[in-house]
Amino acid sequence: MTHDVTHFDIALIGSGSANSFPGPEFADRSIAHIDRGVGPDHVFGGTCLNLGCIPSKMFVHTADRALSATDSAPFGLSAILRHVDWPAIRDRIFGRIDPISAGGEEYRREHQDNANLTLLRGTATFTGPKTLQVTMNDGTRRTITADTIVLGAGSRPELPAVDGLEDARPHTSDTIMRVDELPASLAILGSGVVAAEMAHIFASLGVEVTVIARSGRVLRQADADVSARLTEILGERLNLETTLQTTSVRRTDTGVELRGTRDGREVVVKTEELLVATGRRPNSDLLDVAAAGIDTTADGRVVVDRYQRVLGGGKVLEGIWALGDLSSADQLKHVANHEQRIVRHNILHPEQLRASDTMPVPYGVFTHPQVAWVGMDELTARTTGRQIRVAHQDYASIAYGWAMEDTTGFAKIIVDAETTEILGAHLIGPEATTLIQLLIQAMSTGQTARDLATTQYWIHPAMPELIENALLELID
């Protein structure tokens, strides 16, 4: 069956960070904005808004408040968490988010700012180098061509190859935050960022949580000392099954039964519900990027150069760009936003290309305690051949740490021994995701540890003294 072909100046795929691409600078160019939506309901606006960063952090804030109510004894207070109204918690969050998503779609469809833009709600698939077939969400099909194609199609949760897992209908991050009621118990398969955050959320709200990790530590992408400390803390707070190789999963009359092996022995975990948080896959397969001659990595990411230009056969494919989870190994919203700005600039100013890889990439994990890092971990820094110095500063060593009665948090900063160039920083503890910004800024602007420590006042007795004292340890 043949379809009429419509030509556009620009084809834009995705509504996450890619949704910031259209603007008045492109008013003289026709844009096809193609978006299949995210999650089971194919909602507009991308993963971060609907299924990821934003709702999860709203849940985290609620979980933090719940946890503080049950952890007040060290401060001479008696408090209990009397009741958890899950529907009220959930509906407060999505009652705010869902209208934003719907309003964003309506804006793209109806607003006069988008007179040059045609919104196509469906899945785009390459049928040639610059030709796309769009299978609309209503089942109809359209074929379009474009001079410039911007790929921001994102990623989706992936289930590992475990016997019976798919048939057991587990939750992923796409669905777990919208459940009708809290389960009495929840197993989380995985031990990375999503697993650590969701474990905190549900454990704080009274769910019996079991985290299942293949390795001996959770959050293994963090510095080894940070990962070990978080593993210790979570192990005291919830059920932590480490070094467990999951072999099968099945749904029973009472919930979910997971079987695995450890040291040759079988382990059985029974819970009411299961959340799979073992990773995400780029949506390059849905796009069938091979049909356009686009290169991909072994894990499915679209290959780009430092200017975000897509490569095919190792060479730049003129007029095709990619950004965000589709092409980035970091899978971070702030990285996707930055890459979108780079793509936008480079399309508007092809004679003045900007690179996207000029700054260190920071990470933040909103579990309890928070974890954040930027730059090299200690092991990586030692393998560079440079002489390094490492400072380890406990929250308990500063006055505000005393106020919080924090006995587990610390900051770890790694510098070049001669120049005091900051090579990496790693924090675990209260407000780690905020405190790390001091070091992100220094690394991004070329300030050394000596510069940062000695050219400003540090408010006493505020939490940034944690960073100040670590820096002073490195330059004495």
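The values are calculated or read from the model by the stated rules, or taken from the named source; none is laboratory data. Fair warning: this is a prediction, and the values are worked out from it, not measured in the lab. Every residue, glycine as well, gets a Cβ built from its backbone with ideal geometry; the counts of neighbours run over all protein chains shown. Remember, those area values only see protein heavy atoms, side chains included, never the ligands or the DNA or RNA. Shrake-Rupley method; radii C 1.70, N 1.55, O 1.52, S 1.80 Å.
Find the relative contact order for segment 72-152 and round it to a whole percent, using C-alpha pairs within less than 8 Å whose residues are 6+ positions apart. Don't skip to the end; give the middle numbers.
Details: 54 pairs, mean separation 10.9, N = 81.
The value is 13 percent.
From the residues MET443, MET404, LEU353, which one has its Cα farthest along the dipole of segment 339-476 in the positive direction, the dipole being from +1 and -1 charges on Cβ of Lys/Arg and Asp/Glu about the Cα centre?
Towards the positive end, the residue furthest out is LEU353.
Heavy-atom accessible area per residue, the chain, 1.4 Å probe: how many Å²?
About 47 Å² of surface per residue is accessible.
Please report the orientation-averaged projected area of segment 345-454, defined via the convex hull of its C-alpha atoms, in nm².
9.3
Extension gain SER20-LEU353, at 0.36 nm per residue separation less the Cα-Cα distance, in nm?
Details: separation 333, 0.36 × 333 = 119.88 nm, distance 1.91 nm.
Value of the extension gain: 118.0 nm.
At each listed q (0.21, 0.26, 0.31, 0.32 Å⁻¹), what is the log10 of I(q)/I(0) that the Debye formula gives for segment 130-172 modelled as equal alpha-carbon point scatterers?
Log10 I(q)/I(0), no solvent term: -0.82, -0.94, -1.11, -1.13.
Could you pull the Cα extents of segment 99-232 along its three principal axes, largest to smallest, in whole Å?
Taking max minus min along each principal axis of the Cα atoms, segment 99-232 gives 55, 34, 33 Å.
Using θ = phi - 60° and the Karplus form 6.51 cos²θ - 1.76 cosθ + 1.60, what ³J(HN,Hα) does each residue of segment 33-45 get, whole Hz, x for Gly and Pro?
Listing the rounded values in order: 9, 10, 8, 7, x, 10, x, x, 9, 6, 7, 7, x Hz.
What value, in deg cm²/dmol to 500, does the helix sum -39500 (n - 2.57) over DSSP H runs of n ≥ 4 give at 222 nm once divided by the residues of the chain?
-8500 deg cm²/dmol
Could you give the distance between the Cα centres of segment 1-44 and segment 425-476, to the whole Å?
First find each Cα centre; the distance between them is then 42 Å.
Could you derive backbone 3J(HN,Hα) for segment 290-298 from the dihedral phi with the Karplus parameters 6.51, -1.76 and 1.60 (θ = phi - 60°), listing whole Hz in sequence and x where the residue is Gly or Pro?
Listing the rounded values in order: 4, 5, 9, x, 8, 6, 10, 7, 4 Hz.
Considering the alpha-carbon set of segment 165-309 alone, what are its Rg and its Dmax in angstrom?
17.5, 53
Using Cα positions and a limit of under 29 Å, work out the lysines in reach of LYS333, with same-chain residues fewer than 8 apart set aside.
Leaving aside lysines fewer than 8 places away in the same chain, those within reach of LYS333 are LYS57, LYS130, LYS315, LYS412.
Rounded to whole Hz and in sequence order, give me ³J(HN,Hα) for segment 455-464 from the Karplus expression 6.51 cos²θ - 1.76 cosθ + 1.60, θ = phi - 60°, writing x for Gly and Pro.
10, 7, 7, 10, 4, 9, x, 7, 5, x
Percent of accessible area on the chain owned by carbon and sulfur, 1.4 Å probe?
Of all accessible area on the chain, carbon and sulfur atoms account for 48 percent.
Report Rg/Rh for segment 9-123, rounded to two decimals, where Rg is the Cα radius of gyration and Rh the Kirkwood radius.
1.20
As a test of the definition: which semi-axes, in Å, follow for segment 369-419 when you take the square root of five times each eigenvalue of its alpha carbon gyration tensor? Largest first, please.
Taking √(5λ) for each eigenvalue gives 27, 12, 7 Å, largest first.
Whole Å is fine, so just give me how far the alpha carbon centre of segment 255-322 lies from that of segment 54-98.
Each part reduced to its Cα centre gives a spacing of 33 Å.
Tell me the Kirkwood radius of the chain: reciprocal of the mean inverse pair distance over distinct alpha-carbon atoms, in Å. Could you put the intermediate results ahead of the total?
Values: mean 1/r = 0.0410 Å⁻¹.
Taking the inverse mean of 1/r over all distinct Cα pairs, the chain comes out at 24.4 Å.
Report the Cα-based extents of segment 257-308 along its three principal axes, largest first, to the nearest Å.
Largest to smallest, the principal-axis extents are 48, 26, 21 Å.
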